[in-house]
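For reference, the structure discussed in these notes is given below.
None of the figures in this text is laboratory data; all of them are computed from the coordinates on show. Fair warning: this is a prediction, and the values are worked out from it, not measured in the lab. All Cβ positions, even for glycine, are placed from backbone atoms using ideal geometry, and neighbour counts span all protein chains on display.
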Amino acid sequence: MLRISFASHALAVAALVAGIAVAYNALAHHPGSHAARISPAQARLDLLILAPAPCAAIASVRPGTPDGLTAPPRSVPVTVRTSNAAGECAGMPNILREAIVLDAPERAGHVHIYVTLADGTVALTQRVRIE
C-alpha cells in the first residue's frame, strides 16, 4: 500500500489550485482581438488576426464597413484591408497586429471587424466585446 505524507498531499493540492488560477487567468486574456473603453466616447482596439493568406500584411485599418455592407446594431465597424507582403515570404500563416482608437458611443457593445483581401472581398469577420 502506498502511503502519501501530509506534505505531499498539501503540495499536490497547492499545485492543483495554482493550475486552476493560471487557467482562469488565461481565459480572462484569451487570444484574439481585444477592445477596451478608454472614455465614454472612445475605445482602443488591439487587433490580433490570423492572416487570411500566408503572405498577407495589413495595408490599412479604418472605421466603417466595406462597401455594400451594414454593421450590426450597437456595433462599431472597422475594416482591415490586407495586401500581399512585400519581399520574401515563408508561405506560412502569420498573425497580423495593429492598434487603433475608435469613436465608440456608450451604447456600442462591440466592435465588428471586417478583414478584406486586396480586392475588397471579405475574408473573415470578428466580433469583439468592448470591455
Estimated vicinal HN-Hα couplings, Hz - the range 117-131 in sequence order (Karplus 6.51, -1.76, 1.60; Gly, Pro = x): 7, 4, 7, x, 5, 6, 8, 6, 10, 9, 10, 10, 5, 7, 7
Student exercise, the range 34-129 dipole from Lys, Arg, Asp, Glu Cβ charges, in Debye to nearest 20: 380
Amide hydrogen neighbours beyond the local backbone of A108, cut-off 5 Å, H modeled: none
Nonlocal amide H pairs with T116, under 5 Å, H built at 1.01 Å: V80, R81, T82, A123
